[in-house]
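Presented below is the structure to which this report refers.
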Amino acid sequence: MRFPALFLLLVFAAPTAEVRYFRHMRSIENLPPASGQTCLVLDPAIFAQAAPQLSDLRLYRGSIETPYTTQRSAPVAPSAEQIAPLNLGRRDGQTVFDLAMPAGSYNDLQLAVSGHDFIATVTVFGSQTQASAATKIGSYTIFDLTRQRLGRSTVLHLPQSDFRFLHFRIAGPIAPENIAGLSVERLPAAAAKYLTVAESSKFVQKGRETVIEFTVPSRTPIDRIIFAPGVEPANFSRDVKVSVTPTAQQRGSDGAPPATVASYGSLLRVHRVEDGHRIDEERLELSAPSTAFDAPAKWIVTIENRDDAPIQLSSVRLEMLERKLCFEAASGAGYALYYGDPVLSSPQYDYAALFTLQESAAQAHAGAEKPNPDFEPRPDGRPFTEKHPVLLWLALGFVILLLGAVAVRSAMVTPQIP
């Protein structure tokens, strides 16, 4: 069989979506009275019952499949652009340099500064051309308090800015050779939105560690971890480990159980005056490790306290980025989401490729999950030998016995000598 013919055979042999083969459904509520673009938030519960990556999620108007697209609130990990310093040197006892900034808006800037145990003040000016008059944006404290176990921060929390050139003056023990450059992340068009997947205010002290445990439903994405500390201690810097293990035994493609996924980070809160410098810095959010377990997973968050008093936590939350499903709603039509048919692959719609989100898009929502009243199991499309492997082995055994009998009979026949 030629390759194109084989390819077409595989394409047409792929399972097709039909309403009767989905186990779960949700009616779309609060639909707009007029036709137009409509979006709804996909809540975390859908991920546990749908196939991985929502590959079996379908939208129907009656029995007609309706194209849609899914939109994530913001990139999980926006890439940072590295910028080299210009005109780096010393002036009036301070380290000075310029930066040519990328087009667009930005706020937080990460200075690449070498050295340890320092406090310095960075004054930042902005201009639209390198030679034009500069506007003072603000003064910011950078520090490395490793010796005091209060961490390090070289982030400049600028207000949202779009200057094409920035000019820096650093007062403190930072020499030009300590400056390697700066990284900046472009601001998204809109602030990211998150949904809470799990939250806990129960914490267990195990020796020098504070341990928080969660159980997350299967296939549910977690994008960040938020810590809400109390007033004590006022200042802290703590290392954190996050480990994720499936609660049920799974097997990978090689037959081995999946390994525990782990990631590491740190929490920081510093509000104090140090050597005449006011320091106000908080980092109470961690990026979550990427997981894709087909079973519920146990998340263990461990805070290393060393010899310090534990942080008085109010809560710890596991959150996922908001995902929206958008489609073109017809006036007066009813729609429903269907999922729970794991043999389906992700749909490919022209609508998704050509989609542009409109500010005027109507906001609908998915109703409660219900069993599909028309559900029936999908017919088993496997080959006969896969459905009944025992019969294959019996057939092979019969053939082996038959061949053995023939061989024995041949050996017993005495050849005639002429």
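Numerical summary
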{"item": "Candidate set from the range 91-144 (those that are part of a strand (DSSP E or B) and charged (D, E, K, R)); member that is farthest from Pro159 (Cα to Cα)", "result": "Arg91"}
{"item": "Residues (of a type in the set (A, V, I, L, M, F, W, C), part of a strand (DSSP E or B) and within 28 Å of the chain's Cα centre (by Cα)) located in the range 271-315", "result": "Leu286, Ala297, Trp299, Ile300, Val301, Ile303, Leu313"}
{"item": "Condition met for Pro296 (surrounded by 11 or more Cβ atoms within 10 Å (Cβ to Cβ), under 30 Å from Ala51 (Cα atoms) and touching a helix residue (DSSP H, G or I) at 6+ places or on another chain (Cβ under 9 Å))", "result": "yes"}
{"item": "Unique residue being among the β-branched types (Val, Ile, Thr) and surrounded by 14 or more Cβ atoms within 10 Å (Cβ to Cβ) when the list is Thr123, Thr135", "result": "Thr123"}
{"item": "Test set (1) modelled with pLDDT of 95 or more; (2) among the hydrophobic types (A, V, I, L, M, F, W, C); (3) under 27 Å from Arg152 (Cβ atoms) - Ile279 fails condition number", "result": "(1)"}
{"item": "The listed residue being over 19 Å from Ile170 (Cα atoms) and assigned by TED's automatic domain parsing to the domain that holds Pro176, out of Gln128, Gln94", "result": "Gln128"}
{"item": "Index of the failed condition, Gly381 passing every other in (1) small (Gly, Ala, Ser); (2) modelled with pLDDT under 65; (3) in contact with a Leu (Cβ under 7 Å, 6 or more places away or on another chain)", "result": "(3)"}
{"item": "Filter result (buried (at least 18 other Cβ atoms within 10 Å of the Cβ) and either over 14 Å from the mean Cα position of the chain (by Cα) or over 15 Å from Ser314 (Cα atoms) (or both)) within the range 204-234", "result": "Thr210, Ile212, Phe214, Val216, Ser218, Arg219, Thr220, Pro221, Ile222, Asp223, Phe227, Pro229"}
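The values are calculated or read from the model by the stated rules, or taken from the named source; none is laboratory data. Bear in mind the structure is a predicted one, so any value in this text is a computation, not a measurement. All Cβ positions, glycine included, derive from the backbone under ideal geometry; neighbour counts span all protein chains shown.
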